[in-house]
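Read through the structure below, which is laid out as C-alpha cells, and then see the notes.
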Amino acid sequence: MFAPVTSKPDLVAQEHEILALWRERRTFARLRAQNAGGPRWSFLDGPITANNPMGVHHAWGRTYKDVFQRFHAMRGEDQRWQNGFDCQGLWVEVNVERDLGFTSKRDIEEHGIAEFVRLCKQRVLTFAARQTEQSIRLGYWMDWNDPDELLRLRDLLGADPAAEATLAGPRGPVTDRVEMLVGRLGMPELGGSYFTFSNENNDLIWGFLAECHRRGWLYKGHDTMPWCARCGTGISQHEMTEGYADRTDPGLTVRFPLLDRPGEALLVWTTTPWTLTSNVAAAVGPGLRYVKVRQGDSIFWLGRGTVQQALVGPFEILDDRAGSELVGWRYRGPFDELPAVRAGFAAGGAGGAPYEHVVVAWDQVGEDEGTGIVHIAPGCGAEDFALGKSLGLPMLAPLDEGGTFIDGFGFLAGRDVRDSAEPVVEHLKHHGLFYRLEPIVHRYPHCWRCGTPLVFRLVDEWFVSMGPVYDVPRDQLTRQQVDASLRYQIMEVVDGIRWLPSFGYERELDWLLNMHDWMISKKRYWGLALPIYDCAACGSFDVVSGREELRARAVEGWEQLEGHTSHRPYVDAVRIACRACGAPVGRIPDVGNPWLDAGIVPFSTLHYREDPAYWQEWFPADFVTESFPGQFRNWFYSMLAMSTVLRREAPFRTIFGYATLFGEDGRPMHKSWGNAIEFDEAAERMGVDVMRWMYAKARPDDNILFGWHAADEARRELLVLWNVYAFFVTYARLAGWSPGVEAVSPPTPSQVAGRPPLDRWILSRLAGLAARVEDRLANYDPDSAASVISGFIDELSTWYLRRNRKRFSRPDDPADRDAAFATLHLTLAGLVRVLAPLLPFLTEAMHQNLVVAVGLPAPESVHLTRWPAPELAALRDPALEDATGLAQRAVDLVRTLRSQAGLRTRQPLARLWIALPGVAHPDLDALLEVIADEVNVKDVVRIDDESELVERRVKPLLPKIGRKLGGAIPAVMAAARAGAFEILADGSVSLAGVVLAPDEVELLVSPRPGTAVAHDDGLVVVIDTELTDALRAEGDAREIQRAVQDLRREAGLDLADRIDLCLDLGPAATAVGPYLDAVATETLADSVTSGPLPAGWSQAGVKISGGEVAVALRRAAPGGQPEAAHG
RNA sequence: GGGGGAGUAGCUCAGCGGUUAGAGCAGGCGUCUUAUACACGCCACGUCGAAGGUUCGAAUCCUUCCUCCCCUACCA
C-alpha cells in the first residue's frame, strides 16, 4: 500500500529526510559499486575556492555538474566523482590578514611566515568542510570527505602540525604527521576531494615549470608591472579581468621650466602626481604642432590642439612649431633636488654619461587629453618604461613593495604613495611649478582581490613565454613557426575541443593571440613555492623538477624541510649547488600564480606520474564546466597551456560555459542592496530542488536572475507534478490498488494494447520523453531537457489526468480502472527516472513511495535505476500521438466557440460537427468520444466536406510576387483582404486585375462568423448552439451538482464522506428531477429529500435557468449505507 | 581608446525584408475543477531607442546620434 501523500508537501523537510535515507542506506556508495568497471565517463571538476561559504552562484554550476554526473551514472558509466578545492593564493591570504587585523606584508613577516601559512591552511580546511556540507545539502553527489574529519584535521594542525594522526582511508587507516596528512588529501589512499595545496599538485607544477625551462620558455623579466601596494604583489595580465573601475584622480598640470629659454616652460599633464618624482623626460609628438603662448607674465609651450582644454584664462599665441623642433630642449625637473634623482641622473642612462632632463620624440603622444607633452617616468609606467628602454634613459623607481617612497626621496620618503598627491602638489606650488589641478574621472586598474588602485612599479618577475605572434593567418604558418610558439600550439589544441556555447572557441583563440607572456610569480607567502634557483654569483638560474630532485641536490637546509610540505618558509631553507658555478643558491622567495595550481589538475588528480595507466584511462576529461566570464584567461587557459606543454593535447573534450548569476533586480547580488540570497537561506526556504529546477531551466549563455519570485514560479511547476502524484496515491489508496510485478518489467505494446487510446498515448509520450531528454542531456543541453520535461508534466496533468479523472474513482468497470492506475503508475515511475538527475530529492521521494514502499522488485533508490529510454522505446506510437494532438486542438476550438457563444461547458450541447480531412486512425472513434466528453456534447458528427461551414480566403505569398508586382501590391493585398477575388479553373487566382499562379497564393479557410473555427491543418469544428428544454434541465442539474460539491468543501468534508442532501427546487423540480440520481451519485449522497431546508445543515443557493434553487447537506450517519466508499 | 552586442508590452525576451509585431510572467475579466494546486479562454493601437535613407513594403537593411551591456587596452 502506498503511504498517504499530502497535496501541500514540505519540500525542505522532505529533502532532509531523503538526505538521511541516502546516508543510512549508503546509496551513493552503492551507485559507485554498481557502475564500477562500466564504460568510463570522465568529469574533471574545476576547483572551488575554499575561502568562504559557497553562494547560490556556485550552486548553479554545481547543479550542472551533478546533473551530468547523475545522468551518465544512469547510463551505467563509471566515474571518478572527485570534487576539487582551490586552496592557495591571495584569496586566502587576504582573509587571514583581515582576521588578524594585518595591513601590510611587514605584519605577516613579524607574525612569522610559518604561522601565517598554517593559518591559511586552516582557513582552507574550515571552508572546505563548510562547502562540503553545503554541497551535500544541494544533493551534489561526490566522493566527499567527512566534514567533521576535515575540521578535526584543521584543529590538529592548529595544535601541533608535527604530531602524528590517523585518518580513515578507503584502503585502511593512514598515519602520518598532521601536516603531511593535510598534504596528502585527495590522494588515492585518503580519497575524497582534491586540494590544490597537496604535495602532488605542487610537485607536478614543479615538473611543468622545469619542462618550460628545459625548452627555454621560462625567463626573468625586468619591467614595470601593475602592482598592488596593499598586497605587495604584481598583478598579471591574466588577473586584470575585473580589475578596471572608474576612479577620480587629480588631473595635474605642471610647468617644466626650459633651461635654455629663460622665462619659458613646458606645460605637462599627469593624473599620477607621485610619478613626477621620477620624471626623466618630456615627450612630444614629432608630427604634432606646438605653440608658445603668453599668459600674464608666463610663457608656456604646449600642443596647439590642446590649448582650449589645457589653459585657463586668456592667452596670446606667440609662436607655432613642429614637435620635432622641440626635441632636445633641456628643462628643469620638478624634483631635481632629491638625492635619488641626483644620483640616478649622475649615473646616467644606458651610455653611462650624466643625464639631464630633455624633450624626446614619441609617436604615441596625442592631443585628446592633457597638453600634448607627456611626462615620462620609466620606473613608474609600462609605456614609459618601454620608451625609456629604447632611448636609454635612466630609470628611477621610487616605491618599495608596500607602495612606500624609499629613502632618497626627501620629504616623501616613508610616505605611502596613496597619500602622496597632496604633498606633491604643495611642493610644486612652493616651487612655482604648479599650473592647474582639477579632478578627472577615468578607468583605472584596481587589485582584483582587495580593490586597491594599482600603481606601476619596476620589478623583477618570472614569466612563461607564449612565443612570437606572426603577422600571417594561422593556416599559413609553417611547422617550424608553430613549434617555436607556445601560443599557436595551444590554439591547435583548442581547435580539437568542443566549446559550448560556441562563441567560447573564438574568445579563447582571441585571448591566446593577444595575450602577453604569462607572469607566474607573486611576491607573497601562501602558495606554490616556485622552484627557481637564481644564482647571484654567476647570473644563471635553474628550475628543480620536483621534491625528489631537490632532496638529491640539496647542499644545505634539507633537514629543515623534512617533514614539512613544500611551502614557505621551510622550503626556503634549502640550497642547491649552482650547476654553472657551484655556488650554493637558494630559492627565489616568490610563490606561484594560483592558476598554476588549478591548471595542473588534469595531471595531478589523475595520477599522471604515479599511475600512468590510470591517467591514460581518465585523460582527457570528457567534460568540464565553469562560469565563463574570466575563465578564458584563467582556468581554461592554464589547463590548456600546461597540457600543451606537457602533452601537446587537449585536457578535455567538451567545455560547457555558463553565464553569471544576478539578483532578481538584474544587478549583482550585494548584501547592502538587499538582493543577495545566501545559499543556506535559499536551500532552507525554497528547497534545493526548486533551485535546481531554476538552474536547469536557465539558458546557460544568459545571465540568470535569481530570487524568491522566480523560485515561486519554479515551485509551482513542480507542484503540478506533485499533485498528479498526490492524486494518484490518494485514489489508489481509496481503491486499494497496488501495482503488480509487471509494473517494473518493461511493458510491451501487446500488454497495453487493450487499454484506451489515451493510456497508450501517454505511454507513448513518456517513451518519447525519455528518448528526447536523453538526447538533450547527452549533448549538454540541460535547459532544453528541462523544457521538454515541463511540457510533458503539463500534458500529463491537464490532458491525460483531467480526461481520465473519473476512471480512478469509479468502481463500475474495475478492469478499466486498473488499466488507468497501471498506466498512471507506470508513467509516474518512468517520469521520475527521467527527472532524477535534475531533481534528485523530489524524484526519490516519489520513487520510494511508488516503487519501494509497495515492495516492487526494483532498485531501492531512483538513482540506482537505469535510464528508462531503452525499455520504453517499444511503446512509442507516433500515429496515435498525431491523432491525439488533433483531438486536443479540437477541444481547444470548441472551448473557444462555447466561450464566444456564451455557453459554459457545464451546459450540455446536442452535437458538434468536426471535419478531419484525410485523417485515418484506428483509435479515431474513441478519440471523438473523448472530445465529446471533454466538451460536454452529446453527439460528435464527423463530416468530410467543410465547405459549407467556412469561407475561403486567399493569401498572396509576398516573397514570391513582391518583385514581380512592385507598386501593384497594395491594391492586390486590399482585394485579398476584402475577399474580392475569383478562383479560376486552373487553380490560379484573379484579383485586382492581376492573375496569380496557384503557387503564388495560399488558399485558406476561415470560420463563418459565429459558428466555427478552422485550424491550420484544415481541422474545422462547428457546434450546435440550440438548447432544448432537456439540455437546459441537464445543465441545471450539473449546476446544482457543482453547488453541492462546493458546499461539501465549505463544510470541510473528506473526499469519501457520504452525505444527506436536501434540495429546495421550486418550479424547476419537474424538469430537473430525472437527473437527480446522477447528482446523488456524484456527490456521494445517501439520501436526497425535497422541500424546506432542515436547520443546522450547511446551506447554499444557486442560480439555474429555471430560477433560484437552495441546497443543504450534512454528513451522513456512518453505516447508514452499505455500499463501500468510493471517491 | 579599440572591437562586439543590445535597446520591442509593466517585467524577461522572441521575431531580424512581407503588409494585422508575438510569447512567458505580472495584472484584469471569465471558464473549468471536490487533484482546490492548477489549467484553459479572453483582454496588449506598444513613437519596435531617436532622426534620416534604401524599398511597392522596414522592428528587420544602410547612415548618424543617444543609452546600456560585454570583450579588450600601456595611454600621460
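For the reader, a short list of remarks on this structure follows.
- Whenever a residue of region A:437-453 is within 25 Å of residue A:369 (Cα to Cα) and in contact (Cβ under 8 Å) with a residue 24 or more places away in the chain, its partners that are more than 11 Å from RNA strand B (Cβ to nearest atom) and among the hydroxyl-bearing types (Ser, Thr, Tyr), lying with C-beta atoms within less than 8 angstrom and at least six residues away or across chains, give the pairs A:439/A:248; A:440/A:248; A:441/A:248; A:446/A:452.
- The set of residues in region A:218-273 being over 30 Å from the mean Cα position of the chain (by Cα), surrounded by 17 or more Cβ atoms within 10 Å (Cβ to Cβ) and of a type in the set (Asp, Glu) consists of A:223, A:264.
- Taking the criterion of being among the charged types (D, E, K, R), more than 10 Å from RNA strand B (Cβ to nearest atom) and over 25 Å from residue A:424 (Cβ atoms), the residues of region A:236-260 that qualify are A:239, A:260.
- Which listed residue is among the polar types (S, T, N, Q), touching a residue at least 12 places away in the same chain (Cβ under 8 Å) and away from RNA strand B (no atom under 16 Å from the Cβ), from A:7, A:42: A:42
- Region A:1034-1075 - residue that is closer than 20 Å to residue A:809 by Cβ and in a strand (DSSP E or B) and, of those, nearest to RNA strand B (Cβ to nearest atom): A:1059
- All positions within region A:904-933 that are more than 16 Å from RNA strand B (Cβ to nearest atom), open to solvent by 60 Å² or more (accessible area, probe 1.4 Å) and within 22 Å of residue A:1035 (Cβ to Cβ): A:911, A:913, A:929
- Residue in region A:266-279 that is more than 14 Å from RNA strand B (Cβ to nearest atom), closer than 16 Å to residue A:326 by Cβ and either basic (Lys, Arg) or touching a residue at least 24 places away in the same chain (Cβ under 8 Å) (or both) present: no
- Residues of region A:448-470 satisfying the condition of being within 33 Å of the chain's Cα centre (by Cα) and either assigned to a strand (DSSP E or B) or modelled with pLDDT under 85 (or both): A:448, A:449, A:450, A:451, A:452, A:453, A:463, A:464
- Single residue of region A:471-490 satisfying the filter (assigned to a helix (DSSP H, G or I) and touching a Ser or Thr at 6+ places or on another chain (Cβ under 9 Å)) that is nearest to RNA strand B (Cβ to nearest atom): A:490
- Cβ separations smaller than 6 Å between residues 6+ apart or across chains give the following pairs from region A:619-638 residues that are among the polar types (S, T, N, Q) to residues that are in a strand (DSSP E or B) and open to solvent by less than 20 Å² (accessible area, probe 1.4 Å): A:625/A:656; A:627/A:658.
- So residue A:983, is it outside the structural domain of residue A:1038 (by TED's automatic domain parsing), modelled with pLDDT of 80 or more and within 16 Å of RNA strand B (Cβ to nearest atom): no
- Condition check for residue A:1096: touching a strand residue (DSSP E or B) at 6+ places or on another chain (Cβ under 8 Å) and outside any strand (DSSP E or B): yes
- Residue A:864 farther than 30 Å from residue A:20 by Cβ, more than 12 Å from RNA strand B (Cβ to nearest atom) and crowded, with 18+ Cβ neighbours inside 10 Å: no
- When the residues of region A:380-400 are filtered to those that are buried (at least 18 other Cβ atoms within 10 Å of the Cβ) and under 42 Å from the mean Cα position of the chain (by Cα), the one that is farthest from RNA strand B (Cβ to nearest atom) is A:399.
- Applying the set (1) within 16 Å of RNA strand B (Cβ to nearest atom); (2) over 30 Å from residue A:227 (Cα atoms) to residue A:364 leaves exactly one unmet item: (2).
- Counting only helices (runs of 4 or more DSSP H) wholly contained in region A:505-606, the ones carrying 1 or more residues that are in contact with a His (Cβ under 9 Å, 6 or more places away or on another chain) occupy A:594-599.
- Verdict on residue A:185 being at negative phi, in a loop (DSSP other than H, G, I, E, B) and crowded, with 21+ Cβ neighbours inside 10 Å: yes
- The residue that is farthest from RNA strand B (Cβ to nearest atom), among those in region A:952-980 that are surrounded by 16 or more Cβ atoms within 10 Å (Cβ to Cβ) and more than 23 Å from residue A:1020 (Cα to Cα), is A:975.
- Flag if residue A:685 is within 16 Å of RNA strand B (Cβ to nearest atom) and open to solvent by 50 Å² or more (accessible area, probe 1.4 Å): no
- For residue A:901, the test of being at pLDDT below 80, within 13 Å of RNA strand B (Cβ to nearest atom) and among the small types (Gly, Ala, Ser) is passed.
- Matching entry among A:1069, A:1125, A:1112 (being at pLDDT 85 or above and either open to solvent by less than 60 Å² (accessible area, probe 1.4 Å) or under 25 Å from residue A:731 (Cβ atoms) (or both)): A:1112
- Of all the listed residues (A:617, A:548, A:559), the sole one being over 20 Å from residue A:179 (Cα atoms), open to solvent by 10 Å² or more (accessible area, probe 1.4 Å) and among the acidic types (Asp, Glu) is A:617.
- Of all residues in region A:435-447, those satisfying the criterion of being among the hydrophobic types (A, V, I, L, M, F, W, C) and surrounded by fewer than 18 Cβ atoms within 10 Å (Cβ to Cβ) are A:437, A:440, A:441.
- Restricting region A:491-524 to residues that are within 16 Å of RNA strand B (Cβ to nearest atom) and more than 24 Å from the chain's Cα centre (by Cα), the residue that is most open to solvent (accessible area, probe 1.4 Å) is A:516.
- Within region A:280-300, restricting attention to residues that are more than 19 Å from residue A:332 (Cβ to Cβ) and in a strand (DSSP E or B), the residue that is nearest to RNA strand B (Cβ to nearest atom) is A:289.
- Matching helices (runs of 4 or more DSSP H) fully within region A:695-796 where at least 3 residues are within 16 Å of RNA strand B (Cβ to nearest atom) and open to solvent by less than 50 Å² (accessible area, probe 1.4 Å): A:708-735, A:757-778, A:782-795
The values are calculated or read from the model by the stated rules, or taken from the named source; none is laboratory data. Here the structure is a predicted model, which is why all the values come from computation and not from measurement. Note that we place each Cβ from the backbone using ideal geometry, even for glycine, and neighbour counts take in every protein chain shown. Each accessible area value is taken on the protein alone, full model and side chains, heavy atoms only, with ligands, DNA and RNA left out. Shrake-Rupley method; radii C 1.70, N 1.55, O 1.52, S 1.80 Å.
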